[in-house]
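Report on the structure given below.
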């Protein structure tokens with residue numbers, strides 16, 4: 001009799017414990033499948049750093065209202081063995097997501113990406129500014145990395161090293177996230193350049209007497225001087241012709257690049273006379289390196305200039321140019337399209353181009369030896 005009662009007591013205890021476990025498990029299951037705020041339209045960006053503890057991740061999620069109960073969420077992570085699979089990243093989460101869905105996102109490693117477009121003709125300063133607006137990296141730090149010799153060596157460049165990675169940051173739309181370092185972003189742009197660069201470019205450049213770096217430098221000038229895509233081969237022919245005649249290129253964008261960080265929209269006579277490694281009014285031949293990042297169309301134009309004997313061009317203020325063969329005709333074109341204000345009246349292209357990129361070579365007369 002005594003044994004029977006004892007068994008009954010144990011059976012009752014076991015049933016009660018089983019019931020408690022089931023109730024507890026049921027509550028945990030209910031929690032794992034219940035959003036913190038069903039139907040919420042809110043969303044939050046949560047940054048999970050490498051090596052961050054479960055407690056800190058849980059706290060951040062609770063503070064944003066994505067998770068309703070810290071203790072249950074923490075336990076769910078243990079029971080489901082989610083914590084060991086968390087990946088560093090920046091994730092978009094919502095209170096309308098269940099805890100299971102939250103774990104699914106933060107273990108996926110698929111971070112929020114920020115699109116950054118490098119346009120043809122953008123230089124490293126402009127790219128740095130675009131990255132800074134997304135909050136991914138400070139512009140000055142990005143530029144300093146582009147000039148970093150150790151980083152160039154890491155990327156596979158060998159002495160003699162270029163003055164910077166200008167010209168090698170290929171124009172494209174990139175998707176970056178906050179888990180990437182600025183070095184990673186530069187590596188991606190340089191890698192994209194490597195994919196776009198064809199072996200035939202180097203062979204054709206060598207046949208023309210250019211190194212790869214020199215060809216890129218010329219292409220970068222063509223890119224900056226071009227307002228209308230169809231004129232690239234003609235603009236290229238002007239620079240090729242001038243180089244053959246040992247005439248200075250006298251391209252405004254090269255002057256501007258040489259003083260980029262203090263340039264405020266106008267070129268003065270003193271600027272044209274300043275001897276920088278980029279100012280083609282003051283130095284002969286090509287600048288020391290690219291002044292922008294050209295696309296394949298500009299590279300093709302540098303390799304395949306139009307057959308012409310043009311030595312000058314001046315802007316029509318609408319994206320097109322007047323091409324001339326001698327200085328006398330060039331001076332007439334300058335008076336007609338630049339010095340005559342009525343020719344520029346109502347022409348929005350020039351100002352828009354000025355804002356978006358860099359002013360073109362408008363054709364100077366005083367001291368112009370083009």
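Of all residues in segment 164-183, how many are surrounded by fewer than 20 Cβ atoms within 10 Å (Cβ to Cβ), closer than 23 Å to residue 216 by Cα and either modelled with pLDDT under 95 or over 11 Å from the mean Cα position of the chain (by Cα) (or both)?
1
For segment 63-105, which positions are closer than 27 Å to residue 132 by Cα and assigned to a loop (DSSP other than H, G, I, E, B)?
Across segment 63-105, the qualifying residues are 64, 87, 88, 94.
Tally up the residues in segment 242-253 that are touching a helix residue (DSSP H, G or I) at 6+ places or on another chain (Cβ under 6 Å) and not in a loop (DSSP other than H, G, I, E, B), please.
Number satisfying all stated conditions: 1.
Please indicate, with yes or no, whether at least one residue in segment 286-304 is part of a loop (DSSP other than H, G, I, E, B) and farther than 26 Å from residue 193 by Cβ.
No, segment 286-304 contains no residue that is part of a loop (DSSP other than H, G, I, E, B) and farther than 26 Å from residue 193 by Cβ.
Quickly run through segment 125-153 and pick out the residues that are assigned to a helix (DSSP H, G or I), surrounded by fewer than 18 Cβ atoms within 10 Å (Cβ to Cβ) and without any contact (Cβ under 8 Å) to a residue 12 or more places away in the chain.
Residues satisfying the conditions are 129, 132, 133, 144, 150, 153.
I'd like the full set of residues that are farther than 22 Å from residue 165 by Cα and in contact with a helix residue (DSSP H, G or I) (Cβ under 8 Å, 6 or more places away or on another chain), limited to segment 205-225.
208
For residues that are over 26 Å from the mean Cα position of the chain (by Cα), assigned to a helix (DSSP H, G or I) and surrounded by fewer than 13 Cβ atoms within 10 Å (Cβ to Cβ), tally how many sit in segment 195-229.
Selection size over segment 195-229: 4.
Go over the candidates 192, 187, 178 one by one and state the one that is outside any helix (DSSP H, G or I) and out of contact with any helix residue (DSSP H, G or I) (no Cβ under 7 Å at 6 or more places or on another chain).
178
Taking residue 365 as meeting all but one of (1) surrounded by 16 or more Cβ atoms within 10 Å (Cβ to Cβ); (2) modelled with pLDDT under 90; (3) over 18 Å from residue 225 (Cβ atoms), write down the number of the exception.
Among (1) surrounded by 16 or more Cβ atoms within 10 Å (Cβ to Cβ); (2) modelled with pLDDT under 90; (3) over 18 Å from residue 225 (Cβ atoms), the lone unmet condition for residue 365 is (1).
If I filter segment 104-115 for residues that are under 30 Å from residue 224 (Cα atoms) and crowded, with 16+ Cβ neighbours inside 10 Å, do I get at least one hit? Lay out the reasoning, then the answer.
From segment 104-115, those under 30 Å from residue 224 (Cα atoms) are 113-115; that's our starting set.
If we keep only those that are crowded, with 16+ Cβ neighbours inside 10 Å too, we end up with 114.
Yes, some residue in segment 104-115 is under 30 Å from residue 224 (Cα atoms) and crowded, with 16+ Cβ neighbours inside 10 Å.
Based on what the data block shows, is residue 108 part of a loop (DSSP other than H, G, I, E, B) and under 21 Å from residue 179 (Cα atoms)?
Spelling it out, residue 108 is indeed part of a loop (DSSP other than H, G, I, E, B) and under 21 Å from residue 179 (Cα atoms).
Residue 346 passes all but one of (1) closer than 21 Å to residue 220 by Cα; (2) modelled with pLDDT under 95; (3) assigned to a loop (DSSP other than H, G, I, E, B); which number fails?
Evaluating residue 346 over (1) closer than 21 Å to residue 220 by Cα; (2) modelled with pLDDT under 95; (3) assigned to a loop (DSSP other than H, G, I, E, B) leaves (1) as the failure.
Check whether at least one residue in segment 302-316 is buried (at least 16 other Cβ atoms within 10 Å of the Cβ), in contact (Cβ under 8 Å) with a residue 12 or more places away in the chain and at positive phi, and report yes or no.
no
The values are calculated or read from the model by the stated rules, or taken from the named source; none is laboratory data. What you see is a predicted model, and the numbers here were worked out from it, not measured in a lab. Glycine gets a Cβ as well: all are built from the backbone with ideal geometry, and neighbour counts include every protein chain shown.
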